[in-house]
Amino acid sequence: MREFKGRDFLTLMDYTKEEILRIIDLADELKEKLAKGEPHTYLTGKTVAMIFEKHSTRTRLSFQAGAAHLGMQAFYMDPSTMQISRGESLADTAKTIDRYADALVIRTFEQEIVEDFAKNMERPVINALTNETHPCQLLADIQHVRERKGRLDDLKIGYVGDVWNMAHSWGIVSSLFGWDMKYALPKGYDYWPRAREFIDKTNKESGGSFEMTQDLKEAMTDADVVVGITFVSMTRGATEEDMKKKLKDFLPYQINSKAMSWAKDDAIYMHCLPAHRGEEVTSEVIDGPQSFVFDQAENRMHTEKALMALLLGGVK
Ligand code: CP
Ligand code: NVA
C-alpha cells in the first residue's frame with residue numbers, strides 16, 4: 001500500500017480498494033473513540049483551508065467539526081470575498097494557500113479545477129465535490145454500507161439520479177469493490193467518459209458489472225442497496241428550462257414504495273442529502289424503516305477525519 005502522507009484526494013480512481021478500506025477502518029476506530037469520549041488529537045497545531053464555491057451543509061460542517069476533534073483548525077474561505085473573485089489567478093491562489101495551510105478542502109465546478117489546485121500545491125488537496133465526482137461522500141457511504149449490510153462483497157446496487165458526481169463516484173466504487181451496479185435513467189443523458197473507461201477496465205479485474213438501463217424495475221430488482229440521488233444537481237449555466245426538462249425526464253425514476261418493493265426485503269435506501277422529497281424520493285421511503293440517511297450523513301465526519309489524519313501524517 002502506498003503511503004498516504006502528502007497525497008491528494010481528488011477522485012477514488014486514484015485509490016485502491018485496500019487503501020479505501022484502510023480509511024474506512026480508521027474511520028470506524030475514530031467513531032468509536034468519539035463515542036467513548038477518548039481524545040484523538042492526531043493533528044494538533046495543523047490547519048486546513050476550505051473553499052466552497054457551491055452551497056454545503058454537511059461537507060462544510062463535518063470537516064470543521066472533524067478538524068476540531070483532531071486538534072486542528074479549519075478556515076472557511078468564501079470565494080466571493082477572496083482575491084480570486086477579482087481576477088487573481090488560480091495558480092497564485094493555490095501557491096499562497098500552500099504557505100499557510102497544511103491542506104486544502106475545495107468544493108467547486110469542473111474536476112479540472114481541483115486538479116489545477118493540486119498541481120500548484122505541495123500540500124494535500126481534498127475534493128469536497130466537483131461536477132464529476134464526490135469522493136468524500138463515497139467514503140461515508142462505504143462505511144455505512146458495511147455497518148448496515150455487515151459486508152462489502154457480493155452487493156447489488158440499484159442506482160437512480162442525475163448523471164453527475166454521485167453517479168460517477170458510485171460507479172467507480174462499485175467497480176473497485178466488484179459490485180453489480182444497475183443505473184436507471186432516461187435516454188439522452190451521457191455518463192462521464194473518464195469514469196466509464198475506468199469502471200469497465202476495473203470491473204474486468206474485480207468481477208463487478210455496470211449497466212445503464214431505461215427500466216427502473218430492472219435496476220431495482222433484487223438490489224441490496226438502493227441509491228436515489230437528486231435529479232437536478234448544483235451547476236452553473238443551466239437555464240430554468242433545462243432544469244425543468246431534466247426534472248420531467250427523471251421523475252418517472254422516483255424511488256417510492258413500489259420501487260423499493262422490487263429490491264430485496266432487507267435492502268437499504270441511501271441518499272447523500274440534501275433530498276428533494278416528492279422528486280427523487282418519497283417521504284415514505286426516505287423517512288421509512290429502510291432508510292438511515294442521517295447515520296449515513298454522520299459518517300461524513302468520521303471518514304473525513306480518518307482521511308485528514310492519514311493525508312496529513314497524524315496516523316500512519
Ligand atoms: N452530501 C453533501 O455533500 O451535502 P452538502 O451539500 O450539504 O455538503
Ligand atoms: N448531486 C448533488 C450532490 C449534492 C451533495 C449535486 O452536486 O448537486
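The values are calculated or read from the model by the stated rules, or taken from the named source; none is laboratory data. What you are looking at is a predicted structure, and each value in this text was computed from that prediction instead of being measured. Glycine also receives a Cβ, built like all others from the backbone with ideal geometry; neighbour counts cover every protein chain displayed. Surface areas here come from the heavy atoms of the whole protein model, side chains and all, with no ligands, DNA or RNA. Shrake-Rupley method; radii C 1.70, N 1.55, O 1.52, S 1.80 Å.
Taking the criterion of being in a helix (DSSP H, G or I), crowded, with 17+ Cβ neighbours inside 10 Å and either aliphatic (A, V, I, L, M) or within 13 Å of ligand 2 (Cβ to nearest atom) (or both), the residues of region 42-81 that qualify are R58, T59, R60, S62, A67. Being farther than 28 Å from D266 by Cβ and open to solvent by 50 Å² or more (accessible area, probe 1.4 Å) is a description that applies to K204.
Check whether at least one residue in region 199-206 is more than 15 Å from the chain's Cα centre (by Cα), closer than 25 Å to T108 by Cα, at pLDDT 95 or above and more than 16 Å from ligand 1 (Cβ to nearest atom), and report yes or no. Don't jump to the end; show me each part of the working.
In the first step, residues of region 199-206 are kept if they are more than 15 Å from the chain's Cα centre (by Cα); the result is 199-206.
Next cut, closer than 25 Å to T108 by Cα only: 199.
Applying the additional criterion that residues be at pLDDT 95 or above yields 199.
When the remaining residues are screened for being more than 16 Å from ligand 1 (Cβ to nearest atom), the result is 199.
Checked region 199-206: at least one residue is more than 15 Å from the chain's Cα centre (by Cα), closer than 25 Å to T108 by Cα, at pLDDT 95 or above and more than 16 Å from ligand 1 (Cβ to nearest atom).
For L90, the requirement of being closer than 15 Å to E304 by Cα and more than 16 Å from ligand 1 (Cβ to nearest atom) is not met.
Kindly evaluate K182 against the criterion of being under 21 Å from the mean Cα position of the chain (by Cα), away from ligand 2 (no atom under 16 Å from the Cβ) and either in a helix (DSSP H, G or I) or touching a residue at least 24 places away in the same chain (Cβ under 8 Å) (or both). Reasoning before the result, please.
Numbers: under 21 Å from the mean Cα position of the chain (by Cα): yes; away from ligand 2 (no atom under 16 Å from the Cβ): yes; either in a helix (DSSP H, G or I) or touching a residue at least 24 places away in the same chain (Cβ under 8 Å) (or both): yes.
When the stated conditions are applied, K182 passes them.
Going by the structure shown, is D28 acidic (D, E), in contact with an Asp or Glu (Cβ under 6 Å, 6 or more places away or on another chain), more than 16 Å from ligand 1 (Cβ to nearest atom) and not in a loop (DSSP other than H, G, I, E, B)? It is false that D28 is acidic (D, E), in contact with an Asp or Glu (Cβ under 6 Å, 6 or more places away or on another chain), more than 16 Å from ligand 1 (Cβ to nearest atom) and not in a loop (DSSP other than H, G, I, E, B).
With the requirement that a residue be acidic (D, E) and crowded, with 19+ Cβ neighbours inside 10 Å, what does region 82-116 give you? Show your work before the answer.
Going residue by residue through region 82-116, those that are acidic (D, E) are 88, 92, 98, 102, 110, 112, 115-116.
Once the filter is applied, which keeps residues that are acidic (D, E) and crowded, with 19+ Cβ neighbours inside 10 Å, region 82-116 yields only D102.
Please go through region 259-311 and pick out each residue that is in a helix (DSSP H, G or I), within 16 Å of ligand 2 (Cβ to nearest atom) and not acidic (D, E).
Step one: list which residues in region 259-311 are in a helix (DSSP H, G or I), which gives 259-262, 283-286, 293-311.
Restricting the remaining residues to those that are within 16 Å of ligand 2 (Cβ to nearest atom) gives 286, 293-294, 296-301, 303-304.
Listed by number, the residues that qualify are I286, V293, F294, Q296, A297, N299, R300, M301, T303.
For region 235-253, a residue qualifies if it is within 16 Å of ligand 2 (Cβ to nearest atom) and assigned to a loop (DSSP other than H, G, I, E, B), and the qualifying residues are T235, R236, G237, A238. Annotation note: Cβ proximity below 6 Å between a residue of region 272-283 that is farther than 21 Å from E298 by Cα and a residue that is assigned to a loop (DSSP other than H, G, I, E, B) and not β-branched (V, I, T) (sequence gap 6+ or interchain) occurs for E279/F231; E280/F231; T282/N256.
Applying the criterion of being of a type in the set (S, T, N, Q) and within 16 Å of the chain's Cα centre (by Cα) to the residues of region 116-168, the residue that is nearest to ligand 1 (Cβ to nearest atom) is Q137.
In the set (1) in contact with a Lys or Arg (Cβ under 7 Å, 6 or more places away or on another chain); (2) hydrophobic (A, V, I, L, M, F, W, C); (3) surrounded by fewer than 18 Cβ atoms within 10 Å (Cβ to Cβ), the condition left unmet by M243 is number (1).
Within region 208-234, the set of residues being over 19 Å from I268 (Cβ atoms), open to solvent by 60 Å² or more (accessible area, probe 1.4 Å) and part of a loop (DSSP other than H, G, I, E, B) comprises Q214, D215, M234.
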